[in-house]
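Engineer: Let me give you the structure first, and then I'll get to my questions.
The values are calculated or read from the model by the stated rules, or taken from the named source; none is laboratory data. Note that the coordinates shown come from a computational prediction; the quantities given were computed from them, not determined experimentally. Cβ atoms come from the backbone with ideal geometry, glycine included; neighbour counts cover every protein chain shown. To get the accessible areas, we keep the full protein, side chains included, count just its heavy atoms, and leave off ligands, DNA and RNA. Shrake-Rupley method; radii C 1.70, N 1.55, O 1.52, S 1.80 Å.
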Amino acid sequence: MFLISHMFGPITGAPIPISLFVIDPAPSPQVPILAASIFGFWLFLPLIKLLPRSYGALAQLSILNLNFAILWGSYHYGGASSPFLMWYVVMPMLAFFYMGATLVTRLVVLSQLMLGLSIFVAAYIFHGERFPDNIPLENMVYAGMVSAFSATVYAFFMASYYASVVDSQSELIKEIARHEKTLEELTEAKEEMEQANAALINAKNLAEARNRELEATRASLEYNALHDALTGLPNRRFLDHVLAQYAESCRRDGSGIALLHVDLDRFKQINDTLGHTAGDNMLIYVAKLIKSEVGEDDFIARVGGDEFVIVSHVTEENNEALSAKADGLIEKIRQPVPYQGHLCRVGASVGIAVGMGEKVDPKSLLVNSDIALYRVKQRAKGHSEFFSEEIQREIVDTKRTADDILRGIEQKEFISFYQPQFDARTHEIVGVEALVRWNHPTKGILAPSHFLGIADDLNVLGTIDGIILDRAIADLEHWNTLGLAIPKVAVNVSARRLNDRQLIDNLRTMKFRPGTVSFELVESVFLDETDEAISSNIEQIKELGIEIEIDDFGTGYASIVSLLKLNPKRLKIDRQFVAPVLISLEKRRLVSSIIDMGKSLGIEVIAEGIETMEQAQILKELGCDVLQGYAFAKPMTSVDLERFVEQHQWRQAS
């Protein structure tokens, strides 16, 4: 029955895709897929010959294919009113023909029916509670006639064939019954022996069937344990096993292993914007792409969400060839991939590690390739990087520094240094800038360049900002009690800290007089379209009496619109414009333009990085309001600043 239905089924179903090719003005891809599903039944003919023991699985797969063909055709042509749904009555009949009317068969058929109809309804809801209208309604009549004709012919043929089989079987059963009756009359002993033999054969067949089921289950479990369910690639466990084999081979013949650790760039954006289904499809696409691009002898595994590892068996260290392979792969992956009307774009970064001969250690190779990958993603995504001892040292140093920073925060090692700011005309102190320093227990006082980048990566820059702000406000209050003429203190605030939702609540708990504290914000924070949270925080900061200053002006992206919107109290000209005012007329004019712009907008102008009194004199003549730099005073501790102010040491310098 199985062979007959799969031999003539596609023949009776063929008119359906043929007619749809004629009726549908745009048949692709729905009609080719339907045709492939229908004619795919012929594939079961050689499969049942090659895999007779898998008859049950092939029968279920055949029913699943029929289920798909019916729902696919119905969804694209008529939806719930599709004439192709009449084929649904054929599906249970075939299932019972193939596998018998057992409870398992009934459950399988019922499950497939429920699953198919659920997916059918889900697709209808997902597409806005509507079905595709690939052909006009009037043409559906012809499609329905073809479907009804094909279904009727197929059902008639199968029913006729089944009736003939049943009749033949009935005659055969009668003949067997007569023979059995004769045998019973001849000898009861022989009948008992035959019954015993039948029982033994049945037990043997049952045992063999159970063994086959156990073997299939074991093979399935073993495969699933070693492969990624989404992409079908080997997983990390399989990778470890293969690396161990490769390492043993390398120790015997002196060959080597090259690991290419691939990580997708911008993959999270696809999940966030198009959903995880799009992300899964992109991972499947990349897995197939990698398999098609690498060598046949290369081993590929998916080891993480968007990470893949390629293992190559090499006879010598050929960095150029490995680099070319990695760069070619990166170029292929960065090509846009269409998905549901969108062009998905991801990139890739590759970390490469190579081990040769007896030195091959699988765990170390994996760690080294991961270190190289971390380095390239940190420096320039979309490239490849080889592992080296230098990279490892840098990573170790960075890790050590990161640990020290966290410990330093706990031990209160981050302290404030202060650099005075002076009136350009009178040279009186008009304020100080609080600068963070790290009082490292073994390395001494460290400037921000040694730790701020790593602190930002650790997401503790806001914490350090808060420490310096607390210290600066406390020191300012202390100076006031001493009677020192220090009107205000400026504190640098990072963009991350400025975006902190708890910033305003924390500021409200601090005690300071309005106008005595200002926040220095880097210019790059302010684009024409600023973040709403930042804008809201800035306005509330101003309401608390804290003044806003733009630091490093001229090096970022601030525009006139940004300045008008922000309305800062001061802007600080970056030192790279101040240094050449003595020798460059062009830079002097640029500085003059910045000062004039600030004056026209009612913004005070501070010049930082002044190293000579000649520079101070020129900036004064250009109209600068406040001067700051080593020409007057270096950054110093709170105690040193008190001594500096009491002794009027800047007077000597000026």
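Engineer: Can you list, largest first and rounded to whole Å, the semi-axes you get for the chain by taking the square root of 5 times each eigenvalue of its Cα gyration tensor?
Structural biologist: Each semi-axis is the square root of five times an eigenvalue, giving 79, 32, 23 Å.
Engineer: How many times 2.2 N^0.38 Å is the alpha carbon radius of gyration of the range 418-496?
Structural biologist: 1.26
Engineer: Taking the square root of 5 times each eigenvalue of the Cα gyration tensor, what semi-axes in Å does the equivalent ellipsoid of the range 408-545 have, largest first?
Structural biologist: Semi-axes (√(5λ), whole Å): 23, 22, 15.
Engineer: Any idea which of I467, F97, L71 is furthest toward the positive side of the dipole for the chain, if Lys and Arg beta-carbons carry +1 and Asp and Glu beta-carbons -1?
Structural biologist: I467
Engineer: Looking only at the chain, where both bridge partners belong to it, what percent of the DSSP beta bridges are antiparallel (to the nearest 5)?
Structural biologist: 65
Engineer: Now, a different point. Report the percentage of all Cα-Cα pairs in the range 400-449 whose separation exceeds 13 Å, rounded to a whole percent.
Structural biologist: Value for the range 400-449: 64 percent of Cα pairs lie more than 13 Å apart.
Engineer: Name the residue from I290, Q245, Q195 whose Cα lies farthest towards the positive end of the charge dipole of the chain, charges +1 on Cβ of Lys and Arg and -1 on Cβ of Asp and Glu.
Structural biologist: Positive-end residue among those listed: I290.
Engineer: While we're here: For the range 347-494, what percent of Cα pairs sit more than 23 Å apart?
Structural biologist: Of the Cα pairs, 55 percent sit more than 23 Å apart.
Engineer: At a 1.4 Å probe radius, carbon and sulfur cover how many percent of the accessible area of the range 316-445?
Structural biologist: 49
Engineer: Obtain the nm distance between the two label points defined at S28 and N205 by a simple spin-label model: each point lies 7 Å from its Cα along the Cα-to-C-beta direction.
Structural biologist: Placing both labels 7 Å along Cα→Cβ, they lie 5.0 nm apart.
Engineer: Work out how far the C-alpha atoms of the range 540-649 reach from end to end along every principal axis, then list the three figures in whole Å, largest first.
Structural biologist: Ordered largest first, the range 540-649 gives principal extents of 43, 42, 21 Å.
Engineer: On the principal axes of its Cα set, how long, how wide and how thick is the range 243-301? Give whole Å, largest value first.
Structural biologist: Principal-axis extents of the range 243-301 (Cα, largest first): 50, 18, 15 Å.
Engineer: Can you give the FRET efficiency for Q195 and S220, using 1/(1 + (r/R0)^6), R0 = 41 Å, r = Cβ-Cβ distance, to the nearest 0.05?
Structural biologist: Given R0 = 41 Å and the Cβ-Cβ separation, E is 0.65.
Engineer: Mind listing the long-range amide H neighbours of V430? Cut-off is under 5 Å, sequence gap 5 or more, other chains count too, H placed in the peptide plane at 1.01 Å from N.
Structural biologist: Those qualifying (amide H under 5 Å, at least 5 residues apart or on another chain) are Q421, F422, D423.
Engineer: Also: L289 to H241: extension gain in nm, 0.36 nm per residue of separation minus the Cα-Cα distance?
Structural biologist: My answer for the length gained is 14.9 nm.
Engineer: Return one number: the angle in degrees, 0 to 90 and rounded to the nearest 10, between the long axis of the Cα atoms of helix 362-379 and the longest principal axis of the Cα atoms of the chain.
Structural biologist: For 362-379 against the chain, the angle is about 50 degrees.
Engineer: Taking the Cα-to-Cβ direction at E138 and at L61 and moving 7 Å from each Cα, how far apart do the two end points lie in nm?
Structural biologist: In this crude label model, E138 to L61 measures out at 4.5 nm.
Engineer: On to the next question. So if R0 is 45 Å, what FRET efficiency would A380 and L590 give, r being the distance between their Cβ atoms, rounded to the nearest 0.05?
Structural biologist: For R0 = 45 Å, the calculated efficiency reads 0.90.
Engineer: For the range 35-54 and the range 220-251, write down the distance between their C-alpha centroids in whole Å.
Structural biologist: Measuring centre to centre over Cα atoms gives 31 Å.
Engineer: Round to the nearest 0.05 the FRET efficiency obtained for A229 and M93 when R0 = 60 Å and r is the Cβ-Cβ distance.
Structural biologist: E(calc), rounded to 0.05, equals 0.95.
Engineer: Please work out the average accessible area per residue across the chain, using the 1.4 Å probe convention, and give it in Å².
Structural biologist: Solvent-accessible surface per residue comes out at 54 Å².
Engineer: Between their Cα atoms, which of K291/K363; K443/K634; K488/K542; K291/K377; K332/K359 are more than 27 Å away from each other?
Structural biologist: K332/K359
Engineer: Also, I was wondering about something else. Taking the Cα-to-Cβ direction at T398 and at S536 and moving 7 Å from each Cα, how far apart do the two end points lie in nm?
Structural biologist: Output for this residue pair reads 3.4 nm.
Engineer: Looking at the range 220-342, what % of the alpha carbon pairs are farther apart than 26 Å?
Structural biologist: Everything past 26 Å amounts to 26 percent.
Engineer: Evaluate the range 271-313: find the radius of gyration of its Cα atoms, find its Kirkwood radius, and give the ratio Rg to Rh.
Structural biologist: Using only Cα positions, Rg/Rh for the range 271-313 is 1.06.
Engineer: Turning to a different aspect of this structure: Take the Cα gyration tensor of the range 1-93, multiply each eigenvalue by 5, square-root it, and list the three semi-axes largest first, rounded to whole angstrom.
Structural biologist: 25, 14, 11
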